[in-house]
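Enquirer: The structure is given below, and queries will be raised subsequently.
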Amino acid sequence: LRVVKFRRTGESSRSEEDAISGEHEVQIEGVRTELEAIELEDGAAVPKEFANPTDDTFMVEDAVEAIGFGKFQWKLSVITGLAWANAMEMMILSILAPQLHCEWRLPSWQVALLTSVVFVGMMSSSTLWGNISDQYGRKTGLKISVLWTLYYGILSGFAPVYSWILVLRGLVGFGIGGVPQSVTLYAEFLPMKARAKCILLIEVFWAIGTVFEVLLAVLVMPTLGWRWLLILSALPLLLFAVLCFWLPESARYDVLSGNQDKAIATLKRIATENGAPMPLGKLVVSRQEDRGKMRDLFTPHFRWTTLLLWFIWFSNAFSYYGLVLLTTEFFQAGDVCSISSRRKEVKAKCSLTCEYLTEEDYTDLLWTTLSEFPGVLVTLWIIDRIGRKKTMALSFFVFSFCSLLLFLCVGRNVLTVLLFIARAFISGGFQAAYVYTPEVYPTATRALGLGTCSGMARVGALITPFIAQVMLESSVYLTLAVYSGCCLLAAVASCFLPIETKGRGLQESSHREWGQEMVGRGSHSPGVTRSNSGSQE
């Protein structure tokens, strides 16, 4: 078996070890051969029939692109999706609150606190889980957070009194704060062309989780009650906990932490499962000890990106959860114009007035949840056509426009259509942010960047009830203006993001200029530098 190495005229592509030993040998399937050097004229293309057009070294990005999308990524999609189905733990809040309000005769503020404490837990833990994932590995952070959520989620079903369930749901929220790290792990195994589509498609598991929770509630609540609903809602996380031992650690993280052998073993495993060859040569190591440091998010290259992304994530959650709360108010009032008079009537009632969820309520919950699927499809269609930044900007703009149209005294049917479109696009904008954020940050701070953004989203989710419920009592138009204005600013912020990640490889080291990594397999843009040594920095 003959393996040929190409060298440009007048250039040396030997690694430092090769230069010392003077030997060029590779081992392929037990056959040891000499590597014959053939010089190519400057600018001449490397013949396609040869396996390794990247000289004698390759990076993880090269390997991921060369191996491509296959059986391994399909398995990873399903397992990651099970973690992402933790939407059931979020959707259960809208079902659990009225039930406990009636059963335990809770006042309204205690019912609202049950929802808020989950977001407080998520907000306080998101950055911590990101730091753990950057310091100790993506798999480690994800596995601990899922097991944490599973344990306290099941324990919530046995809460004897209100104070217990309040603490336990807060601990569930603390665990949920780490689940977005599944996107970090998932993105680092995806080739460039499939990355956006795949991340968007696992977002479908979020929508499936919410739909499944409503259907589960319809079956369980009338017979077994809310305790069994809490226990059964943990099933996807239980399944993930069993299957997560199959998950490998991210090869990008292993390279950055200096575990070259482990990274190569992971890449070989993926290549074997996908039935694809490994690139020839030596894996480039770019070890970086200071991983997961907050200061790296505010270097000159990422300062504006971080600040703008924080506002974008805040606006996404602020508007998304605000719309969920407003939808119930608008539907119960019939239209926007009659909501003020209805709020006065409700205010006159006793705060302990008890209303269980009816079958019609569950049906309405189901229909509003289904709007997430069109949002995924629209985002999936446009994100690789117009880019990540424009997709987020368009989503915010459409939401803002629909919010302004609600100023009109529209009927129930038009109201439903506007709310459906608004929710579809704001959920699509959320999904686009989940694609963009892991792509824009380097491996050393990718998990921390996503974690801090997720934390800012929870701040938005915490604030939005004061707008969608408290401010709504004073002025429905002022409430709509706040949401519309916030999303309009977020659309502008999306346009001002300094980096467009469409068609770009993931950056490995935070010590390098953004964009120095490979731009697609076998293509190099002007100004892109490739290292030919066995180490970087």
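Enquirer: Going by the structure shown, is W228 over 23 Å from the mean Cα position of the chain (by Cα) and in contact (Cβ under 8 Å) with a residue 24 or more places away in the chain?
Expert: Working: over 23 Å from the mean Cα position of the chain (by Cα): yes; in contact (Cβ under 8 Å) with a residue 24 or more places away in the chain: yes.
Considered against the rule, which asks whether it is over 23 Å from the mean Cα position of the chain (by Cα) and in contact (Cβ under 8 Å) with a residue 24 or more places away in the chain, W228 comes out as yes.
Enquirer: Only one residue in F212, F298 is in contact with a helix residue (DSSP H, G or I) (Cβ under 8 Å, 6 or more places away or on another chain), among the aromatic types (F, W, Y), in the same structural domain as T369 (by the TED database) and open to solvent by 30 Å² or more (accessible area, probe 1.4 Å), so which one is that?
Expert: Details: F212 fails: in the same structural domain as T369 (by the TED database).
From the options F212, F298, the qualifying one is F298.
Enquirer: Name the residue, out of E513, E508, that is more than 23 Å from A422 (Cβ to Cβ), surrounded by 18 or more Cβ atoms within 10 Å (Cβ to Cβ) and modelled with pLDDT under 80. Show your work before the answer.
Expert: Details: E513 fails: surrounded by 18 or more Cβ atoms within 10 Å (Cβ to Cβ).
The unique qualifying residue is E508.
Enquirer: Here's a follow-up. If I filter the stretch 419-449 down to residues being at pLDDT below 85 and of a type in the set (A, V, I, L, M, F, W, C), which single residue comes out as most open to solvent (accessible area, probe 1.4 Å)?
Expert: F420
Enquirer: Okay, next question. Look at the stretch 116-164 and say how many of its residues are open to solvent by less than 60 Å² (accessible area, probe 1.4 Å), in a helix (DSSP H, G or I) and closer than 15 Å to Q181 by Cβ.
Expert: 20
Enquirer: Quick one: which residue in G141, G170, G175 is in the same structural domain as C244 (by the TED database) and in contact (Cβ under 8 Å) with a residue 60 or more places away in the chain?
Expert: Details: G170 fails: in contact (Cβ under 8 Å) with a residue 60 or more places away in the chain; G175 fails: in contact (Cβ under 8 Å) with a residue 60 or more places away in the chain.
Being in the same structural domain as C244 (by the TED database) and in contact (Cβ under 8 Å) with a residue 60 or more places away in the chain holds for just one of G141, G170, G175, which is G141.
Enquirer: Those residues that are open to solvent by less than 10 Å² (accessible area, probe 1.4 Å) and over 15 Å from the mean Cα position of the chain (by Cα), I need them from the stretch 171-190; list them, please.
Expert: If the condition is that a residue be open to solvent by less than 10 Å² (accessible area, probe 1.4 Å) and over 15 Å from the mean Cα position of the chain (by Cα), then V172, G173, G175 are the ones that fit.
Enquirer: Could you run through the stretch 220-254 and say how many residues are among the polar types (S, T, N, Q) and either assigned to a helix (DSSP H, G or I) or in contact with an Asp or Glu (Cβ under 8 Å, 6 or more places away or on another chain) (or both)?
Expert: Quick first cut of the stretch 220-254, residues among the polar types (S, T, N, Q) only: 223, 233, 250.
Filter once more, keeping what is either assigned to a helix (DSSP H, G or I) or in contact with an Asp or Glu (Cβ under 8 Å, 6 or more places away or on another chain) (or both): 233, 250.
Residues that pass the stated criteria total 2.
Enquirer: Just to verify a result, which residue in the stretch 450-473, among those that are open to solvent by less than 20 Å² (accessible area, probe 1.4 Å) and not small (G, A, S), is modelled with the lowest pLDDT? Talk me through it step by step, then tell me what you get.
Expert: Residues of the stretch 450-473 open to solvent by less than 20 Å² (accessible area, probe 1.4 Å): 450-455, 457-458, 460-461, 464, 468, 472.
Restricting the remaining residues to those that are not small (G, A, S) gives 450, 452-453, 458, 464, 472.
On the way: L450: 84, T452: 87, C453: 89, R458: 85, T464: 81, L472: 72.
If we take residues in the stretch 450-473 being open to solvent by less than 20 Å² (accessible area, probe 1.4 Å) and not small (G, A, S), then L472 is modelled with the lowest pLDDT.
The values are calculated or read from the model by the stated rules, or taken from the named source; none is laboratory data. On a predicted model such as this, the values are computed, not experimentally measured, just so you know. For neighbour counting, all protein chains shown are included, and Cβ atoms are generated from backbone atoms with ideal geometry for every residue, glycine included. Ligands, DNA and RNA are excluded from the accessible area calculation, which covers all protein heavy atoms including side chains. Shrake-Rupley method; radii C 1.70, N 1.55, O 1.52, S 1.80 Å.
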